[in-house]
Structures are given as structure tokens and as C-alpha cells.
1. Tell me, yes or no, whether the range 268-282 has at least one residue that is at pLDDT below 85, open to solvent by 50 Å² or more (accessible area, probe 1.4 Å) and under 30 Å from residue 347 (Cβ atoms).
2. Looking only at the range 357-378, count how many residues are modelled with pLDDT of 80 or more and either of a type in the set (Gly, Ala, Ser) or not in a loop (DSSP other than H, G, I, E, B) (or both).
3. Checking residue 320 against (1) assigned to a loop (DSSP other than H, G, I, E, B); (2) modelled with pLDDT of 80 or more, which test does it fail?
4. Of the numbered conditions (1) more than 23 Å from residue 299 (Cα to Cα); (2) assigned to a helix (DSSP H, G or I), residue 205 fails exactly one; give the number of that condition.
5. Tell me which residues, restricted to the range 208-261, are in contact (Cβ under 8 Å) with a residue 24 or more places away in the chain, touching a helix residue (DSSP H, G or I) at 6+ places or on another chain (Cβ under 7 Å), more than 16 Å from residue 172 (Cβ to Cβ) and open to solvent by less than 50 Å² (accessible area, probe 1.4 Å).
6. Report whether or not residue 259 is of a type in the set (Lys, Arg) and over 13 Å from the mean Cα position of the chain (by Cα).
7. For the range 291-317, give me each residue that is at pLDDT below 80 and part of a helix (DSSP H, G or I).
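The values are calculated or read from the model by the stated rules, or taken from the named source; none is laboratory data. The shown structure was predicted, so the numbers you read here are calculated from the model rather than taken from an experiment. Methodologically, a virtual Cβ is constructed for each residue, glycine included, from the backbone with ideal geometry; neighbour enumeration extends over all protein chains shown. With ligands, DNA and RNA removed, areas are computed over all heavy atoms of the protein, side chains included. Shrake-Rupley method; radii C 1.70, N 1.55, O 1.52, S 1.80 Å.
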Amino acid sequence: MAVTEMFEHSDSVDPITLADHLRSMGELDRIGGMAYLLELGSNSLALASWRHHVEMLRRDATLRELISASARIQAMAFDAPEDSRDVVDYAEKQIFDITGKDVQDNSAPLSTIMGNLYDQLGEMAQAGENEFGIKTGYPSIDNALQGMRPGQMIVIGARPGVGKTSFALNLCTNAARAGASVAFFSLEMSKAEIAQRLLSAESGVSLSDIRGARIQDNQWPDLLNATANLSALDVQIDDTAGTTVTEIRAKARRLLHEKENGLVIIDYLQLVSPPPGRQRADSRATEVGEMSRGIKVMAKDLEVPVVALSQLNRTVEGRTGKRPQLSDLRESGSIEQDADIVILLDRSTSDEEAERQDRPDKGVTQFIIAKNRSGPLGTVDLTFIPGSTRFVEVYRPVGE
């Protein structure tokens, strides 16, 4: 306790200062006097390993609490109550209490749900709003999707180089400006690379100039304003490589705790690792399917929309027109089934390709809504500004 108090006050902890602190409290003789402290100080092994020993104590304490909670859960399960959900609810509460998490009761009578919906519709109508959920920042897309809603799994697929990460970052900042709290999990790029792209899109300074630190004098004010604007957004970026869905869910739960409008973005799904220690699945498609279902469960559990980027199969390259479709999602079966919304990005990657009638015009990225459980399908044209990795909408009705 004395060492803890000294540490919390940023005091140096050694036998002499500790003895002085204990003497001032009248506790020095009770713990064995100065001789005992000097004996502790001579134990170099303990001094060198104290951090590890603290982690061992913390681990063992958690395990003891889990063992005790397991015994209580087992005892309740043996009592065989009529409704097993009581046991599940009790078990969840016991486990979450150990890790400092509160169990959320998601059940509600239909009368309450309908009453809340009626009140929400009235408030939105009075405010002139016509979309639910979190806005993407692109009016035609918001009109088609009716916003990104809690519990939705939204998949964005594209070929390499088409701009799915750039679009995800645009979506991230647009949603944050609209009041959302965003947890962005980048499994491919580092936090520094993400920050460079965000700064380029916000300031208009080309990404290559930012990466090479080739900044003109007249660009510094733009960079300063962009830095201030981005810093004001509620965005958390995690660049842990090889993370699992379980780890992402645990981190997102902490990052978005007690925040009303949460959004999770994962870049990208095929880089998410399967749970450690689990026997490898028979195929990669099976593994991706498990992770896809885990992401859908996470969206419902956290009550936030989860946007997961996905690669497309190379078969799209050999198809006439190269227009992506749902079956092009890599390991697509489970992804297509679990997703509430699937968006496919399509862009011509060369001047020759853009000149073809069956391909998008140069500079145009087609935002193809290939699956939408809550609204219409269609296509929205976006203009991609490659220098600053920004997407802006080409105003055209969905499905035209």
C-alpha cells in the first residue's frame, strides 16, 4: 500500500525513501524495520522481475475470480431453472463483472419499441431529417441506404487499386463529422499511413507530396487547418496486425463504450486472423465464413453498424466488362449471406479501359449497391480525386 501511494504521487521508490514514508506514517517498525527493507532491496531477482510478477498476480487474480464465477454458474445450471436464458444472463453478468464490463439487457416489449419508433419519427420529421442511422456524407448513397444502422454488416468490395481503403477513410471522416464515434481497424496500413491519407484528403495536398515532405510555403496553412479539423473528430485508429474478430469486438466495445452513434470499420476482412488455438478449418472459405459470422454477431452485440472491406476474386478480371458482382467477393458464400448491405466499387484503371462503352468513364468510380435488405439496389457515380484520395459525388439518381 505504501509503495502504491508513493508511485501514484510519482515519488521515487527505494528502501530509503520507502522507510522515510513508512516512518512518517508510524508503520516502519510494524513491517520489520529498516533491516527488512534492506533485505528486500538486496533481492535483485525480485527487482528485475517485478513487472512480470505484477502481471502474474493480476493473471492469477483474474483466474481465481473466473474459477469462483464458474462454480456459481455451474451451481445455478444444476438447479435447472425453467428458462435457460436466466442462466445465460447470470453467466454473462458474472464474466463481464470480472472484466469491468456491464451486461446490457437488449430485450424490450414490442409496445416500448413501437412507442420509441413513433417518437423518433416525430423528432426526425420535425427536424427535417429523412434518413435513419449514420450518414455516409454522399446524399444519393444515404438516400438509398437510409443511413448505416445499428446491427448492420456492410461489406465494401473492390479489386486492388480501385480505392476501397480511400473510400473507407472518406466514410470514416464523413461519419465522424456527422456526429459518429468511429473505431477504424487497419490490418494492412499503419497508423502513420492512415494519417497521411486522411491529411491529404482533408487538405487537398497530394499524398505523394505529404509522404515526401515536399510542402510548399502556401500549403502549410491548409495542412494546419486540416490537422485541426481531423483532430476534432472522434476517430480511434488501431493498426494491430493479425488481430481476430474477438479482439476487434473487445477493443471496439471499450472504444465505443457509452457513445451513442458508434461505427466500426475493418480494413480488410481477409486479413482478419482466425481465433488462436482453434484447429485450422478445411478451407480458407470456411475460415472467412466464421469470421464473417463473427462480424455480423459483433454488429448486433455492440449495436453499431460494422463496415468490412473485402477483396474480390481475380475472375472479375477475365470477364467481359469487368463489372463486379456478388459472386466476385473472395470466399463469398458466407459474406454474401451475412451482410445486410454489399457495395461493390468499380473503376477503369487505364485510359484505354475508360474509353470502352461498357466501362466507367475516366475518373468515375461506380458505387454499386448489389445487396440492400433495407432499400433499393442501384448505382451512384463518384468522382475519385487520386492526388488527395478523395471521393466526391457525381449527382445522379440511384439506378439511372
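1. yes
2. Residues in the range 357-378 being modelled with pLDDT of 80 or more and either of a type in the set (Gly, Ala, Ser) or not in a loop (DSSP other than H, G, I, E, B) (or both): 10 in total.
3. (2)
4. (2)
5. Hits for the range 208-261 are 223, 245.
6. Yes.
7. 314, 315, 316, 317
For (1) surrounded by 24 or more Cβ atoms within 10 Å (Cβ to Cβ); (2) over 21 Å from residue 389 (Cβ atoms), each residue gets a yes or a no:
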| position | (1), (2) |
| --- | --- |
| 146 | no, yes |
| 158 | yes, no |
| 163 | no, no |
| 168 | no, no |
| 177 | no, no |
| 180 | yes, no |
| 184 | yes, no |
| 191 | no, no |
